[in-house]
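Student: One structure coming up, written as structure tokens, with questions to follow.
The values are calculated or read from the model by the stated rules, or taken from the named source; none is laboratory data. None of the values given here were measured: they were computed from a predicted structure. Because the Cβ atoms are built from the backbone with ideal geometry, glycine has one as well, and the counts that use them run over all protein chains shown.
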Amino acid sequence: AEVAELRARLRAVRHTVLVLSGKGGVGKSTFSALLAHGLAADETKQVALLDIDICGPSIPKMMGLEGEQVHQSGSGWSPVYVEENLGVMSVGFLLSSPDDAVIWRGPKKNGLIKQFLRDVDWGEVDYLIVDTPPGTSDEHLSIVQYLSATHIDGAVIVTTPQEVSLQDVRKEINFCRKVKLPIIGVVENMSGFVCPKCKNESQIFPPTTGGAEKMCQNLNVSLLGKVPLDPQIGKSCDRGQSFLAEAPESPAMLSYRSIIQRIQEYCEQHHFQEEKIM
Amino acid sequence: TLAERTNLAGVRHILLVLSGKGGVGKSTISTELALALCNAGKRVGILDVDLCGPSIPRMLRVQDSAVHQCDSGWVPVFVGQDKAIALMSIGFLLERPDDAVVWRGPKKNALIKQFVTDVAWGDLDFLIVDTPPGTSDEHISAVEALRPYHLLGAVLVTTPQ
């Protein structure tokens, strides 16, 4: 009955993409926000961004929605809209103060994630993007379990070039395989820094073991792209502004655009294949 | 007291390294703090309670080590030039380094309790506890399990943004 309830609510969602890592601080939320903005740039598409990082919800700040509250209606919880075609949900909107710590054990976190899927009136959605916390635990198991009621197109896995990150990301890739979650591909963030003054490139996080490229080769997953470190990205996130809008011609944005396009192509192809089967 | 007859009886100070945010350098700082204290002649142990993403073994170049049992429980892995730092991490219990630890809260809590009470730390000046990001199971369990002992306090790590 629970699964049926979730299936009914998520029936109008065409594509679902999970943004995962395993490692913290590599840019999952940053990428999720950018992906959402990028997809919503097409005004004919309806985009939903769901933040299931219960302890450290970054999405409200990154989307410029701090201080917003969730409203209830007859049809459920209303997402907070950044644009007409871009709705957001996060535990951040349920806190009375942004510094309130959500100190919950697994079962309570799972309960909220289920509510986010069951009680939020997303409406018709072309893309549901789910931002996750680092790790391979309750939140990840639950989201995969609950979303089995609909379907997940796949996971985008974010990393940085150094081995300490890749070490955790390999575990995440194994998690995806364990729970049969297709991997759309890997994004390598903070991949090099070009000095705006001397134009020299430095590796702030040196890929001592070959970076994401080598890892993807070894594990037979797609490398969607590499994004350089750009201080403007962090600034845009802090200010809740869209990096897409702030720095559309920067090298980082060019990388992001190519990655977003590849994700769209993957989803469209996946959808087409599903329709063929049906 | 019960505390006196346990594996933590010989530990003088316990320090938690926390953040909330991931990727800010908790494990890096835990490692550097341990090495610095060791250099200053202190006996140091590191307890890595990041079960999903244990970074400490690699940072101390002991990722290929295994742990052994003794009468009082697990023997920590001794690292450093003179084997002066004692380390316990789930990293040592994995069959393969890329194995994902896909556990829900209760199972994580059980292992953390064991890491606190069943590791034969011996005499230490400092036990540094490295944590994963967040404020959830691992943090609640670690604090609850460590509360009867000499919990010195927490060092919080962040980045500027």
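Student: Can you tell which of B:Gly53, B:Gly20 is on the phi > 0 side of the Ramachandran plot, crowded, with 16+ Cβ neighbours inside 10 Å, in a loop (DSSP other than H, G, I, E, B) and within 14 Å of chain A (Cβ to nearest Cβ)?
Tutor: Working: B:Gly53 fails: on the phi > 0 side of the Ramachandran plot.
So the residue among B:Gly53, B:Gly20 that is on the phi > 0 side of the Ramachandran plot, crowded, with 16+ Cβ neighbours inside 10 Å, in a loop (DSSP other than H, G, I, E, B) and within 14 Å of chain A (Cβ to nearest Cβ) is B:Gly20.
Student: I would also like to ask the following. Just name the residue that is surrounded by the most Cβ atoms within 10 Å (Cβ to Cβ) out of those in the stretch A:170-193 that are touching a helix residue (DSSP H, G or I) at 6+ places or on another chain (Cβ under 7 Å) and aliphatic (A, V, I, L, M).
Tutor: Ranking the candidates gives A:Val187 first.
Student: I'd like to check something: does the stretch A:62-79 contain any residue that is part of a strand (DSSP E or B), surrounded by 19 or more Cβ atoms within 10 Å (Cβ to Cβ) and within 14 Å of chain B (Cβ to nearest Cβ)?
Tutor: Kept after step one, since they are part of a strand (DSSP E or B), are these residues of the stretch A:62-79: A:71-73, A:76-78.
So of that shortlist, the ones also surrounded by 19 or more Cβ atoms within 10 Å (Cβ to Cβ) come out as A:77.
If we keep only those that are within 14 Å of chain B (Cβ to nearest Cβ) too, we end up with none.
Looking for residues that are part of a strand (DSSP E or B), surrounded by 19 or more Cβ atoms within 10 Å (Cβ to Cβ) and within 14 Å of chain B (Cβ to nearest Cβ), one finds none in the stretch A:62-79, hence no.
Student: Among (1) closer than 24 Å to B:Pro57 by Cα; (2) of a type outside the set (A, V, I, L, M, F, W, C); (3) within 14 Å of chain B (Cβ to nearest Cβ), there is one condition A:Gly210 misses while meeting the rest; what is its number?
Tutor: It fails just one condition, (3).
Student: For the stretch B:4-29, enumerate the residues that are free of Cβ contacts under 8 Å to residues at least 24 places away in the same chain and of a type in the set (Gly, Ala, Ser).
Tutor: Keep residues of the stretch B:4-29 that are free of Cβ contacts under 8 Å to residues at least 24 places away in the same chain, which gives B:4-5, B:9.
The one that is free of Cβ contacts under 8 Å to residues at least 24 places away in the same chain and of a type in the set (Gly, Ala, Ser): B:Ala9.
Student: If the requirement is being among the hydroxyl-bearing types (Ser, Thr, Tyr), away from chain B (no Cβ under 13 Å) and free of Cβ contacts under 8 Å to residues at least 12 places away in the same chain, which of these qualifies: A:Ser90, A:Ser96, A:Ser191? Can you show your working first?
Tutor: On the way: A:Ser90 fails: free of Cβ contacts under 8 Å to residues at least 12 places away in the same chain; A:Ser191 fails: free of Cβ contacts under 8 Å to residues at least 12 places away in the same chain.
Answer to the check: A:Ser96.
Student: Also: Among the residues of the stretch A:115-136, are any assigned to a helix (DSSP H, G or I), within 14 Å of chain B (Cβ to nearest Cβ) and of a type outside the set (S, T, N, Q)? Working first, answer last.
Tutor: Going residue by residue through the stretch A:115-136, those that are assigned to a helix (DSSP H, G or I) are A:115-119.
Checking the rest, the ones that are also within 14 Å of chain B (Cβ to nearest Cβ) come to none.
There is no residue in the stretch A:115-136 that is assigned to a helix (DSSP H, G or I), within 14 Å of chain B (Cβ to nearest Cβ) and of a type outside the set (S, T, N, Q).
Student: Quickly run through the stretch B:135-161 and pick out the residues that are charged (D, E, K, R) and either surrounded by 14 or more Cβ atoms within 10 Å (Cβ to Cβ) or touching a helix residue (DSSP H, G or I) at 6+ places or on another chain (Cβ under 9 Å) (or both).
Tutor: If we filter the stretch B:135-161 for residues that are charged (D, E, K, R), which is where we start, we get B:137-138, B:144, B:147.
Selection gives B:Asp137, B:Glu138, B:Glu144.
Student: Would you list the helices (runs of 4 or more DSSP H) that sit entirely within the stretch A:190-270 and hold 1 or more residues that are within 16 Å of A:Ser29 (Cα to Cα)? Please lay out each step first, then the result.
Tutor: Numbers: elements: A:211-219, A:231-239, A:243-246.
Once the helices (runs of 4 or more DSSP H) in the stretch A:190-270 are filtered for at least 1 residues that are within 16 Å of A:Ser29 (Cα to Cα), what remains is A:231-239, A:243-246.
Student: Given the structure, is B:Gly134 in contact with a strand residue (DSSP E or B) (Cβ under 9 Å, 6 or more places away or on another chain) and at pLDDT below 95?
Tutor: Details: in contact with a strand residue (DSSP E or B) (Cβ under 9 Å, 6 or more places away or on another chain): no; at pLDDT below 95: yes.
When the stated conditions are applied, B:Gly134 does not pass them.
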